[in-house]
Structure formats: structure tokens, C-alpha cells
1. Any idea how far apart Leu54 and His168 come out in nm if each label point goes 7 Å out from Cα toward Cβ?
2. Whose amide H sits under 5 Å from the amide H of Phe143, counting only residues 5 or more places off or on another chain, with H placed in the peptide plane?
3. Any idea how far the Cα center of the range 132-163 sits from the one of the range 55-115, in Å?
4. Of the heavy-atom accessible surface of the range 56-135 (probe 1.4 angstrom), what whole percent is carbon and sulfur?
5. Report the gain in length on full extension from Ala149 to Ala84: 0.36 nm times residue separation, minus Cα-Cα distance, nm rounded to one decimal.
6. Using a Förster radius of 30 Å, what is the FRET efficiency between Gln66 and Arg114 based on their Cβ-Cβ separation? Nearest 0.05, please.
7. Going by amide H atoms built from the backbone, whose H comes under 5 Å of the H on Val104, apart from near neighbours?
Amino acid sequence: MFNAGGGGASQFAGGGFMPSGGEAGGEGSAQKRNYDNKTQAVRAVTVKHLADSLAAAGGELVLDGQEVQNVTLVGKVLSRTEDATLLSLVLDDGTGRVAVKQYVSPDDSDLEVRARAELVEGTYVRVFGHLGHLNAEAHVVAFKAAPVADHNEVTFHLTQVVFQHMHHARGLDGAAGAHAGG
């Protein structure tokens, strides 16, 4: 009854998610895979990770041999300044201090303005962003900064930092092999 068109359900076997001819293999998909895996991932980091990798790599953020673009970190706000175009925070995560800059717009919604107002001194915040440089000093340019609602998030973040470091430094098979052989 539904197979009257001749093609049947096999036309839809991929559900629309089948690779096209240009993506099926070859050089294009390898480049895309490398780009997606290495630079688009968000890495959980500490301030010490940032400082150590920048010193070792000469200004580029390289963690565990991989270039990293986007990071997340959790820390306590030590200072806060805001003007018409920039919110500046200084965060301390227990391993060091880092400047965080979030560009603001006069067109921001009331919700965004209220969210920024919650980022006061003494609160813990989670920041998502990428590394920036200004006057030979590194800082994090934030896409989003939000207060930590549950302090278990601080512990979770540090656990995530350790897990991601072990995963990228040893790989999943390397970590399993270390336990089996040791």
C-alpha cells in the first residue's frame, strides 16, 4: 500500500541524514572532522591551564597537544566594572586570576541586563568564551557568563577538567590500558 512509488521505505532509510556525494569521503570530510573535533569543542579549564599553555605555546592556546578555541571556567568574581560597551570581571578559581571581558550592547534585552547585574563581587560564575589578547596580556572574551546556582557545579567543573585532560592526554584506550597493565 505505501510502496506504490517503487522506491519504498529505502528512500528514507537515512531519515535525511545521509551524507551527500561530496561528503561521503575524501579530503573534505577529513578536514571537517578535524575542524569539528579540535576547534569547536568547549574545554573545561583552570586559570593555571591557560597560563601554562600560553607560556609553552607562545600565545596560542594548546592543551594536551590540541589547539583549543572555546573554553569554560568557573571562578569567584573578585572585581567587576561595567561601562556602555564592556563588562569586565576578574575571576579567581583557586589556581590563579584571569580577566574576563564581555561586550555589551545598548540594544540588549532587559533579561540580559538583569543577568549581568547578578554578576557581583563575591559570587561564583561559570564563563563560556575564547581566549583573547590585549597589550600582551591574555584574557577570556565571554560569550556567556552566569552565576553558579548550585555550588556542586564548582566541584563538577574541576572533575570535568581532570577527566578531559586524562581523555585527551591518554585517550580512552590509554586510560583503560594503564589500569589493566599497572
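The values are calculated or read from the model by the stated rules, or taken from the named source; none is laboratory data. Since the structure is predicted, the reported quantities are computational estimates derived from the model, not experimental observations. Counting neighbours? That spans all protein chains shown, and the Cβs are built from the backbone with ideal geometry, glycine included. Just the protein is used for accessible areas: all its heavy atoms, side chains included, with ligands, DNA and RNA removed. Shrake-Rupley method; radii C 1.70, N 1.55, O 1.52, S 1.80 Å.
1. Using points 7 Å along Cα→Cβ, the separation is 1.6 nm.
2. Phe128, Gly129, His130
3. Going from one Cα centre to the other spans 7 Å.
4. 50
5. So the chain would gain 20.7 nm between Ala149 and Ala84.
6. 0.20
7. Leu86, Leu87
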